[in-house]
Every structure is written in C-alpha cells, then in structure tokens.
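Report on one structure; see the data block that follows.
The values are calculated or read from the model by the stated rules, or taken from the named source; none is laboratory data. Since the structure is predicted, the reported quantities are computational estimates derived from the model, not experimental observations. Neighbour counts are summed over all protein chains in view; Cβ atoms, including those assigned to glycine, are modelled from backbone coordinates with ideal geometry.
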C-alpha cells in the first residue's frame, strides 16, 4: 500500500519558543526549556540535537513510506528554509509547508515570498496554547483581523492551510472560527491537526462529536497525528485514540481522515516506534482495505493537491 506521512517535522537545530522561554538541545535527543524542564524531544535512534532530512528519509524507506509532508511548529522553532531546501533536493519524497508569526511586522511579505519565490503550496499555523503562537502571544481570533490577510494570501496562491488549534478547553481551540474561515473560502483546502485534540470524559466527548459535525465541510480534513500520546496515557495499540478515530469516521467518513506520525517528538512521547504509529490504525479493524488506502495516501493527496 502506498503511504504518505502527512505530519512530519524536520529540525536542523532545536530552536523552539513558548511560554516556557526558548528551547535548546542538550544532547542525547533531549532538550531544555528556559524554565529548566528537560525532556526527550528526539528518539535517540533518530538524532542527538537534530532530526535531519537524511534521518527522516532513512526512517521512511525502512517503513515503506514514499512521501512526507514537512510541517512547521513552535516546539522545534521555525525551519522554513531548511525544509524548503531539503524538499528541493528530494522533490519526490518531501512536500514542505511554511509558516510565519502573524505578530511579525513583515509577516505578510515573508509569507508572500514563500508562496511566490519559494513556491510553497502548504501554509501551517500552530496556534496552540501548548507550544504554538498563543503560548507566548496574546490570544487572537482565527477568523479575526490579525490573520485575515495571511489567510487571504494562502487562498489567492491556491495553497492549502493547515491549522493546529490545540486542545479542547484552551483559548486556541476555536473550531467555530475554523468553520467560519472554511466557509469564507470554500475552495481553500484546510487540514486540522490531531483530530481536534479531544479530551476524555462524557462532556468533552460530546463536544468532540459536535465539533467534528461543525467542521464536516467539503474543504476540511483532519489529520490523526500524535493521538496516541495526547488523548490518554496508554500503551500500544492505544484504544482511546482508536475510539475517537472511530467516532470521527462515523461522522465524516473515512475520506476526511489523514494519517500522520508527528515524528520525531510524538514517537518519543508515546513510547512507540515509527511502524507502530501506523500499525495501530492498520490493525484496528476500523477501516476496509480501500479505506486504509484513503487514510494512508489518497486523502493526503486530495487535501494537499499531491496527485
């Protein structure tokens, strides 16, 4: 089965930033926030202070993955130029996304350069309160003026928009605003990361179903990246993650769900290997063989115009 990992990260150097200050590598795959917290960011088999394109390519080849979407995120620090350069070297393997900080005075011109000069076809904004824009900036509305011109530029360029809106119950979690943007630009493809990062418990599970219904729109997809490490502290095969995937499938159908690993950090946090990040879905029995081909390949091709 042809496979696309639709949620990967490269890091030439660890340069993250959040409400905990700057994040820097300290060796052995570990990183330290400015507040002193140390944690494993990169599984040791993938790198010491970086997760390079060569490391990702080797992991993909070992696990039968033909293509990867390289997303940006605040946890690692922006890697735009590195991802773009590495994708230029391996155009059949890597599809780069770019990002900008909307609070930057030159955000609009930077984004337009990426879209025109560097020919980026995906723009990702991680706005989460965890390690995204709202972890260190004043909270803002995703359908408001701060990002309106940036989203308009994405639409004008015919690019896809990827959004990590963080977990249910946080200020960044704005599914209503995402729905408003999707309706404003009905021909702009939008991917929402981490299946909306649901929480367990009767009330939040009810809200999860309502939010998936709200975003059941023709131009919206959901990636399944990192669910094993975020929704519940469980071991493989991650039954709680599968429960939410099953609920989403009932509402949206299999064609709106996209597999992604969130390599490297999600593998370290979940304590799984690259193969397990796929197999827990493949072996779950939730999908037919044809649907698995959609989840692992065709849906990403549609959302990110990769055909």
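Results for (1) over 17 Å from the mean Cα position of the chain (by Cα); (2) closer than 20 Å to residue 199 by Cα; (3) surrounded by fewer than 19 Cβ atoms within 10 Å (Cβ to Cβ); (4) at pLDDT 95 or above, shown as yes or no for each residue.
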| residue | (1), (2), (3), (4) |
| --- | --- |
| 245 | no, yes, no, yes |
| 258 | no, yes, no, yes |
| 274 | no, no, no, yes |
| 279 | yes, no, yes, yes |
Inset, instruction - Please enumerate the residues belonging to the range 134-154 that are part of a helix (DSSP H, G or I) and under 19 Å from the mean Cα position of the chain (by Cα). - result: 134, 135, 147, 150, 151, 154
Inset, instruction - Return the only residue of 241, 225 being within 17 Å of the chain's Cα centre (by Cα) and outside any helix (DSSP H, G or I). - result: 225
Inset, instruction - Mind listing just one residue for me: the one in the range 176-208 that is under 20 Å from the mean Cα position of the chain (by Cα) and farther than 16 Å from residue 163 by Cα and, of those, modelled with the highest pLDDT? - result: 208
Legend entry - Selection count where residues are crowded, with 23+ Cβ neighbours inside 10 Å and not in a helix (DSSP H, G or I), scope the range 247-256: 0
Inset, instruction - Within the range 19-44, track down each residue that is part of a loop (DSSP other than H, G, I, E, B) and surrounded by fewer than 15 Cβ atoms within 10 Å (Cβ to Cβ). - result: 19, 28, 34, 35, 36, 37, 44
Legend entry - Selected residue (only one of 109, 83, 128 is in a loop (DSSP other than H, G, I, E, B) and either farther than 18 Å from residue 261 by Cα or in contact with a strand residue (DSSP E or B) (Cβ under 9 Å, 6 or more places away or on another chain) (or both)): 128
Inset, instruction - Could you please let me know if residue 77 is within 20 Å of residue 21 (Cβ to Cβ) and touching a strand residue (DSSP E or B) at 6+ places or on another chain (Cβ under 9 Å)? - result: yes
